[in-house]
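Report on one structure; see the data block that follows.
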Amino acid sequence: MALSASSNRQLLENDRLEQEHVGYLARYQSERAFCSHMLDLEQVSFLSEQWTPGALCAKVAEIFRVKETEVALLELRGKLLHFLFPEELRSAGAIPVSSSAVAARTVQTGKAEVFNSFAQVNHFSIFELVKLGDSGLDAQVIQKLMSAPVFTTREILGVIQISRKGPRPEIAGPDFTPADLQKLESVAHWVAKLMAKGKVIAQSAGQF
């Protein structure tokens, strides 16, 4: 049976209202995500010039809801990357920029990347054998990783990485998303400002 003209108008109006509702929800979720993103960045930007790698990485761990031992910050000195955090890796050796390590690749390309099957990627697994905190070695296996360059307009200062660790991928946690990577790039921008200030202070004190 054919619908009357008034019924057709009502159906069209219902469709229009439904589309408006969907559009409103999408805008609300987008704005909410943006506000959350900005609040996360403020946690880093409010750190003082007297920041420490431990304090900085603790804030970053909060932002990404990972353990502090799942955050790594490396500083580029010449052609070597040195760990600033975790503390236990500071004396574990340096990573040559010319190597195939993921952190070195981040410096070489200047691009942020996600590896949700990191155990299958060629990397320097020797660092996973260094005991961090109270974790057992099986809980230190990196299953998923994001790596981003820390740079200013003039130079690359280092690399920041967020990982998910565990004996198996499904235990380590969910995959990192493009939105996670975008957030890490924003965080790396603020980290670069802090590291650049620290470098200037160190140079003026004659430490470099």
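Name every residue in segment 170-191 that is surrounded by 13 or more Cβ atoms within 10 Å (Cβ to Cβ) and in a loop (DSSP other than H, G, I, E, B), in order of residue number.
The answer is G173, D175, F176.
Residues in segment 85-112 that are touching a residue at least 40 places away in the same chain (Cβ under 8 Å), farther than 22 Å from E68 by Cα and part of a loop (DSSP other than H, G, I, E, B): how many?
Here the count works out to 1.
Go through (1) part of a loop (DSSP other than H, G, I, E, B); (2) out of contact with any Asp or Glu (no Cβ under 9 Å at 6 or more places or on another chain); (3) modelled with pLDDT under 90 one by one and return the number of the condition P167 breaks.
(2)
Run down V44, V121, V107, V102 and say which single residue is within 19 Å of F176 (Cβ to Cβ) and modelled with pLDDT of 90 or more.
Selected residue: V102, the only one of V44, V121, V107, V102 that is within 19 Å of F176 (Cβ to Cβ) and modelled with pLDDT of 90 or more.
The values are calculated or read from the model by the stated rules, or taken from the named source; none is laboratory data. Note that the structure is predicted; figures quoted are calculated from it, not measured. Cβ atoms come from the backbone with ideal geometry, glycine included; neighbour counts cover every protein chain shown.
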